[in-house]
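**Q** There's a structure below that I have some questions on.
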Amino acid sequence: MFNKKKKINKYRWPFGRKVIAGICITYILGFSVFLFLFYGPINSFKEFWITSAMTTMSHQYLATALYSDEYIQKVLKQNSIIEVDEITNPDMIKFRKYTTTIYRNKYEKEILSKDPGNDLYKLINISGKGYQGYLVAIYDPSRVSIATTSKLGVAGESILTVSKREKAIIAMNAGGFYDPDWNSNGALPHGTVISNGKVVSDYYDARMGGGFIGFTDENKLVLGNMSKEKAMSMGIRDAVEFGPFLIVNGKRSFIRGNGGWGIAPRTAIGQRQDGIVLFLVINGRLTTSIGADMVDLCDVMENYGAYNAANLDGGSSSELVINNKIINTPVAGGSNGLRDMSTFWVVK
């Protein structure tokens, strides 16, 4: 028998050292990526991060912890929205029925060519650079109204719960609500809420621009920065307060950069001059749809002929339900991605 010495690889690292080295490399790479994104030459990412954080009520620290107040204000000035300083003129909305099959463009064709056997609404898939979503054309504006949680001031409810109780064919989230920890129960809607001609809630404004977004007794969408007394005197029957306004009296808001709202899931409402109402929900925070900014919302609403249009609560609140089925991809978490909220636009 001969004793053979085992050949030892002098360069083989023990397992523990490999793990430590791997952690160090990962940390260095991660920290390098962090520095490149947040402090590097890509201004678009920094603008996205700052504007997305600063438009939240309770997560502005995501920006303030990384950047100086001076830099944040500089970015916000470069990304802002100047709304049209007008109140909707309802006389410019003139309901009409179409008999022609000649369309001015593809968007008008999508709106006016109804689905067979469905005279109430049409669901249209939309997409753009980095986003995907849904537009609902509602042909009878008299069937659009505001619904609220049955526990207003105490607790919110999910859109499916409200949709079933209201026997709604279509339901979409509406205004914002008090959400100090980003995990509230959705009990208190921001601003004044009018339902069926009565003020049902009057909490402080969310300071999101805009103002009243509501339908009159004549079923015309009115947008205006005004008092609740003025809104009631105009015959507004159903409304929330939110913003910013995107289009007023056919005039588009002036937008610098991304509008100062970042990129996220979005919800908006509008009305064409022929009376057709537009519900818009855009998916976000997904690999297939990052989200939309204020420019995207204006583009979609303008393409589909909105004469008046406004942004509604977005982010994890963006939700669309048709016939008690979730149409978009909500991102609030849980089994179905829904969150409890206080106000909803419904079509019954």
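Here, each number is a calculation from the coordinates, and none is a lab measurement. Quantities reported herein were computed from a predicted structural model and do not represent experimental measurements. Every residue, glycine among them, receives a Cβ derived from its backbone with ideal geometry; neighbour counts consider all protein chains shown.
**Q** Calculate how steeply helix 15-39 sits against the longest principal axis of the alpha-carbon atoms of the chain, using the helix alpha-carbon long axis, and give the answer as 0 to 90 degrees to the nearest 10.
**A** 40
**Q** Is it possible to state the helix-based mean residue ellipticity at 222 nm for the chain, with each DSSP H run of 4+ residues giving -39500 (n - 2.57), the sum divided by total residues, to the nearest 500 deg cm²/dmol? What is it?
**A** -7000 deg cm²/dmol
**Q** I would also like to ask the following. If packing is taken as the mean number of other Cβ atoms within 10 Å per residue, what is the order of 80-88, 302-310, 100-108, 288-296, highest first? Walk me through the numbers before you get to the answer.
**A** On the way: 80-88: 18.1, 302-310: 24.2, 100-108: 10.8, 288-296: 22.0.
Put in order of decreasing packing, that is 302-310, 288-296, 80-88, 100-108.
**Q** If you don't mind, there's one more thing I want to ask. Restricting to Cα pairs below 8 Å that are 6+ residues apart, what does the relative contact order work out to for the range 188-313? Please round to a whole percent.
**A** The value is 25 percent.
**Q** Angle check, please: helix 69-78 long axis (alpha carbons) against the longest principal axis of the chain (alpha carbons), in degrees 0 to 90, nearest 10.
**A** Computed tilt is about 50 degrees.
**Q** Among the aspartates and glutamates, which have Cα under 20 Å from the Cα of LYS74 when same-chain residues fewer than 8 positions away are ignored?
**A** Correct list for LYS74: GLU47, GLU83, ASP293.
**Q** Further question on the same structure: Among GLY191, ALA292, GLY117, pick out the residue whose Cα is farthest towards the positive end of the charge dipole of the chain, where Lys and Arg carry +1 and Asp and Glu carry -1 on C-beta, about the Cα centre.
**A** Result: ALA292.
**Q** List the pairs from LYS94/LYS198; LYS97/LYS220; LYS129/LYS325; LYS198/LYS251 whose alpha-carbon separation is above 18 Å, in the order I gave them. Could the numbers behind the result be given before it?
**A** Values: LYS94/LYS198 26 Å; LYS97/LYS220 16 Å; LYS129/LYS325 27 Å; LYS198/LYS251 30 Å.
Where the Cα-Cα span goes over 18 Å, the pairs concerned are LYS94/LYS198; LYS129/LYS325; LYS198/LYS251.
**Q** Might you report the magnitude of the Cβ-based charge dipole of the chain about its Cα centre, with Lys and Arg at +1 and Asp and Glu at -1, to the nearest 20 debye?
**A** Dipole about the Cα centre, nearest 20: 2340 debye.
**Q** If you don't mind, another one. Can you tell me how the range 82-347 classifies by the Cα gyration tensor, rounded, prolate or oblate, using a/c under 1.5 as the rounded cut? Don't jump to the answer; show the numbers that get you there.
**A** Working: a/c = 1.28, a/b = 1.14, b/c = 1.13.
Judged from the Cα gyration tensor, the range 82-347 comes out rounded (a/c under 1.5).
**Q** Ranked by Cβ crowding within 10 angstrom, fewest neighbours first, how are LYS94, LYS114 ordered?
**A** On the way: LYS94 9, LYS114 14.
Final ranking by Cβ density, sparse to dense: LYS94, LYS114.
**Q** Separate question: What do you get for the angle between helix 294-303 and the principal long axis of the chain? Use alpha-carbon atoms, 0 to 90 degrees, nearest ten.
**A** 40
**Q** Ranking MET301, MET341 by Cβ neighbours within 10 Å, fewest first, what do you get?
**A** Neighbour counts put them in this order, fewest first: MET301, MET341.
**Q** Please order PHE215, PHE95 by the number of other Cβ within 10 Å, starting at the fewest. The partial results should precede the final answer.
**A** Values: PHE215 25, PHE95 14.
Fewest-to-most ranking of PHE215, PHE95: PHE95, PHE215.
**Q** Related question: If you find the alpha carbon centre of the range 238-258 and of the range 152-217, how far apart are they in angstrom?
**A** 19
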